[in-house]
Number of protein chains: 2
Amino acid sequence: MHKPTIEDVAKLAKVSTATVSRVINKQGGVKSSKEQRILEVIEELAYIPNAVARSMVRKITNTIGVIIPDINNPFFPLVVSGIEQQARKKGYFTILCNTNESPEIEEELIQILLERSVDGLIITTANEYGHQLQPVIDRRIPVVAVDRQIRNYEVDTVLVGNMDGAYQATRHLILQGHKKIAIIRGPQNTTPGYERFVGYRRALEDYNIPLLDEYVLEGDFKEESGYLDTQKLHSLQDRPTAIFTANNLMTLGCLKALTKIGWVLGEEVSLIGFDDLDVAEFVNPQLTVVSRPMRQLGEAAFDLLYEKMTHQGEWTKRHYVLSPKIKIRQSCVLRPSKTME
Amino acid sequence: MHKPTIEDVAKLAKVSTATVSRVINKQGGVKSSKEQRILEVIEELAYIPNAVARSMVRKITNTIGVIIPDINNPFFPLVVSGIEQQARKKGYFTILCNTNESPEIEEELIQILLERSVDGLIITTANEYGHQLQPVIDRRIPVVAVDRQIRNYEVDTVLVGNMDGAYQATRHLILQGHKKIAIIRGPQNTTPGYERFVGYRRALEDYNIPLLDEYVLEGDFKEESGYLDTQKLHSLQDRPTAIFTANNLMTLGCLKALTKIGWVLGEEVSLIGFDDLDVAEFVNPQLTVVSRPMRQLGEAAFDLLYEKMTHQGEWTKRHYVLSPKIKIRQSCVLRPSKTME
DNA sequence: TATAAAAATGTAAACGTTTAGATCATCTCG
DNA sequence: CGAGATGATCTAAACGTTTACATTTTTATA
């Protein structure tokens with residue numbers, strides 16, 4: 001009933017635990033007749049080495065923590081998938097944690113991950129100031145930030161060009177002839193929220209289009225807020241002819257609102273979204289979006305982390321910026337009819 | 001530079017490690033003046049207890065393993081979300097693993113999870129025969145199967161009424177007047193694949209509609225296969241007037257194929273899908289689906305597991321079957337025009 | 001065949017906690 | 001005031017590995 005230990009194996013094979021350990025870890029230097037015998041005994045007892053005990057002495061766990069803010073946003077499972085795959089290749093396991101955008105939960109989770117002695121941490125933080133990372137930094141545990149930067153600490157970061165993408169999106173609308181371009185932006189205390197807004201603003205500036213306050217609405221990156229903000233835009237006296245939604249979920253909310261209130265996409269209003277979504281190809285006209293390489297984002301994050309975990313080397317802050325691509329479909333075409341006046 | 005241990009705390013607070021341990025674990029029986037002092041020292045040294053060492057002696061890790069076959073299927077993040085939330089409430093952590101539908105990877109992962117001494121396992125297996133679970137069973141580690149059953153072992157299972165849902169879906173089509181009803185079913189060696197097909201078959205039987213081989217196509221639950229099978233159905237001499245797709249991804253593929261080949265949804269062909277998806281509300285007409293309570297599925301799974309992990313009690317195999325709900329939208333209305341002859 | 005060198009194996013400490021049982025301190029009550 | 005009882009604290013073993021170092025065995029060489 002008690003799990004067999006390395007000692008049980010050793011006894012039965014008539015060798016010392018050290019020798020058994022050596023064959024388990026494939027370190028060589030064991031006579032092959034003995035090795036055979038040991039392998040047989042392991043099989044016979046269905047012995048499985050205890051990683052907890054191993055971690056105890058080696059002081060590494062081969063486990064990384066991954067903290068994301070919203071598992072229901074399809075963006076994150078994709079980056080997690082990239083992380084996980086890359087991690088497993090190198091023999092690492094992933095503990096996945098979801099903060100639900102709560103800085104308090106995030107702090108708690110970090111604490112617990114530290115208790116578990118994770119070898120590294122990949123995080124999309126719910127609080128970019130980053131004080132919650134202090135204990136992680138103190139313990140010299142490698143961290144990589146994904147999608148959202150950490151302000152007050154030097155941590156490696158991998159993200160896509162938010163400004164770039166937003167700029168492209170906005171410019172695309174402008175080049176289609178739009179002048180009244182609204183944005184449903186994200187929270188301004190987050191990197192993506194802020195940078196995407198900046199991209200929008202710059203594009204307007206560059207093309208000499210005034211930025212109107214009433215065209216700048218702020219959501220929380222969740223569906224509901226996209227929905228509500230769209231309604232607000234529709235109730236404006238001077239409605240915009242185009243909307244730029246700053247993330248996938250808000251785009252979804254926006255789309256739902258459009259059909260709900262009968263604001264005709266592609267006729268009365270153009271729309272471009274940040275991040276692709278399944279739905280994009282199914283609305284009519286199909287939705288133009290800025291799309292990001294999520295899986296790659298995850299892979300890059302782990303690669304960076306891995307380097308830090310192995311070469312405990314340089315502690316320079318590195319930034320990895322992947323490029324977004326605009327996927328032009330049909331939702332931004334300006335129909336001459338009523339959109340321009 | 002070296003992480004502070006309980007001993008460092010003990011020394012500095014001038015007490016024994018036992019006392020420190022007691023305050024860390026809030027076991028009481030420590031004079032409050034001493035407790036204060038110890039707490040201060042912990043703060044001062046930024047001491048964090050080492051869960052690895054604790055697990056070593058307590059022989060529990062407060063960690064569960066979750067194995068899913070496809071992280072890119074939006075179904076799973078939702079159930080994982082349910083599991084995770086429930087788990088955290090009880091102080092458990094979740095190691096998430098993705099097999100990519102590979103039984104080999106699954107076996108490997110199980111081995112590693114055992115090495116890590118997880119306290120329990122929740123699994124949607126890629127191989128329902130379940131031999132890969134032998135070592136888990138041997139070690140008396142609680143297991144709960146989600147969404148797919150385990151054939152050869154007595155493990156608790158939580159799923160939704162696959163047959164029920166498929167029956168409802170098919171009947172819905174029949175009651176709309178359809179007689180030529182095709183199914184794009186899943187792999188028949190999986191519970192959902194098989195049961196959903198049975199539901200389809202029973203409904204046909206009950207309403208005296210012959211089951212035609214050419215209307216029964218088999219996919220692999222991934223998007224591509226739904227796409228291809230739809231094309232096959234379209235190329236049939238005697239096309240079906242309705243299609244039942246047995247999971248979300250295949251529904252998506254089917255929809256893409258429909259628009260691609262110009263097979264008009266709701267006019268020439270009706271469609272009902274198993275599992276809801278974002279897209280459903282955005283196609284025209286909106287898609288009728290059988291919807292499952294995924295989050296609840298995850299919650300139920302953890303609750304079951306938790307019971308097993310704590311009361312090491314009864315080892316009867318329990319089945320938890322949640323009910324699917326059909327969400328009627330407009331994609332199944334039979335237009336008199338050409339669909340009936 | 002003796003001896004040095006190399007290879008194989010063994011011994012035992014260490015990893016950082018928890019916890020049973022021992023010990024010490026304090027309190028209660030006659 | 002002293003004997004128990006109760007409460008607080010301590011000591012040390014245990015958890016299952018890895019690994020530095022010591023020891024033994026084998027091999028190579030003269």
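The values are calculated or read from the model by the stated rules, or taken from the named source; none is laboratory data. Quick caveat, the model's predicted, so the values are computed rather than measured. Using ideal geometry, Cβ is built from the backbone for each residue, glycine included, and neighbour counts are taken over all protein chains shown. These accessible areas exclude ligands, DNA and RNA; they are computed on the full protein's heavy atoms, side chains included. Shrake-Rupley method; radii C 1.70, N 1.55, O 1.52, S 1.80 Å.
Being within 14 Å of chain B (Cβ to nearest Cβ), open to solvent by less than 30 Å² (accessible area, probe 1.4 Å) and in contact (Cβ under 8 Å) with a residue 40 or more places away in the chain is the requirement here; does A:THR5 meet it? Break it down into steps so the answer makes sense when it comes.
Values: within 14 Å of chain B (Cβ to nearest Cβ): yes; open to solvent by less than 30 Å² (accessible area, probe 1.4 Å): no; in contact (Cβ under 8 Å) with a residue 40 or more places away in the chain: yes.
So A:THR5 does not fit the description; no.
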Restricting the range B:93-109 to residues that are farther than 16 Å from A:THR94 by Cβ and not charged (D, E, K, R), the residue that is surrounded by the most Cβ atoms within 10 Å (Cβ to Cβ) | B:PRO103
Return the total of residues in the range B:54-76 being acidic (Asp, Glu) and closer than 30 Å to B:ALA18 by Cβ.
-> 0
Here are A:LYS89, A:LYS14: which of them is among the basic types (Lys, Arg), more than 10 Å from DNA strand D (Cβ to nearest atom) and farther than 25 Å from B:VAL136 by Cβ?
-> A:LYS14
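Could you pull out the residue among A:GLU108, A:GLU104, A:GLU40 that is more than 21 Å from B:SER55 (Cα to Cα), more than 16 Å from DNA strand C (Cβ to nearest atom) and of a type outside the set (S, T, N, Q)? If you could, list the steps in order and put the result at the bottom.
Details: A:GLU108 fails: more than 21 Å from B:SER55 (Cα to Cα); A:GLU40 fails: more than 16 Å from DNA strand C (Cβ to nearest atom).
Only one candidate passes the filter, namely A:GLU104.
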For A:LYS89: the one exception among (1) open to solvent by 60 Å² or more (accessible area, probe 1.4 Å); (2) outside the structural domain of A:GLN149 (by TED's automatic domain parsing) | (2)
What residue, of B:GLU214, B:GLU205, B:GLU154, is surrounded by fewer than 24 Cβ atoms within 10 Å (Cβ to Cβ) and under 30 Å from B:TYR306 (Cα atoms)?
-> B:GLU154
Residues within the range B:9-64 that are more than 10 Å from every other protein chain (Cβ to nearest Cβ) and small (Gly, Ala, Ser), tallied = 9
Residue match in the range A:223-239 (condition: open to solvent by less than 10 Å² (accessible area, probe 1.4 Å), within 29 Å of B:LYS256 (Cβ to Cβ) and more than 14 Å from chain B (Cβ to nearest Cβ)) | yes
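For (1) charged (D, E, K, R); (2) surrounded by fewer than 22 Cβ atoms within 10 Å (Cβ to Cβ); (3) in the same structural domain as B:ALA169 (by TED's automatic domain parsing), each residue gets a yes or a no:
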{"site": "B:ILE243", "(1), (2), (3)": "no, no, yes"}
{"site": "B:ASN248", "(1), (2), (3)": "no, no, yes"}
{"site": "B:LYS260", "(1), (2), (3)": "yes, yes, yes"}
{"site": "B:LEU265", "(1), (2), (3)": "no, yes, yes"}
{"site": "B:ALA301", "(1), (2), (3)": "no, no, no"}
Condition set among the β-branched types (Val, Ile, Thr) and surrounded by fewer than 19 Cβ atoms within 10 Å (Cβ to Cβ), scope the range B:53-80, selection nearest to DNA strand D (Cβ to nearest atom): answer is B:VAL57
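Just give me the residues in the range A:135-183 being within 14 Å of chain B (Cβ to nearest Cβ) and basic (Lys, Arg), in sequence order. Quick ask: steps written out before the conclusion?
Keep residues of the range A:135-183 that are within 14 Å of chain B (Cβ to nearest Cβ), which gives A:135-141.
If the condition is that a residue be within 14 Å of chain B (Cβ to nearest Cβ) and basic (Lys, Arg), then A:ARG139, A:ARG140 are the ones that fit.
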For A:PRO285: the one exception among (1) away from chain B (no Cβ under 14 Å); (2) surrounded by fewer than 24 Cβ atoms within 10 Å (Cβ to Cβ); (3) touching a Lys or Arg at 6+ places or on another chain (Cβ under 8 Å) | (1)
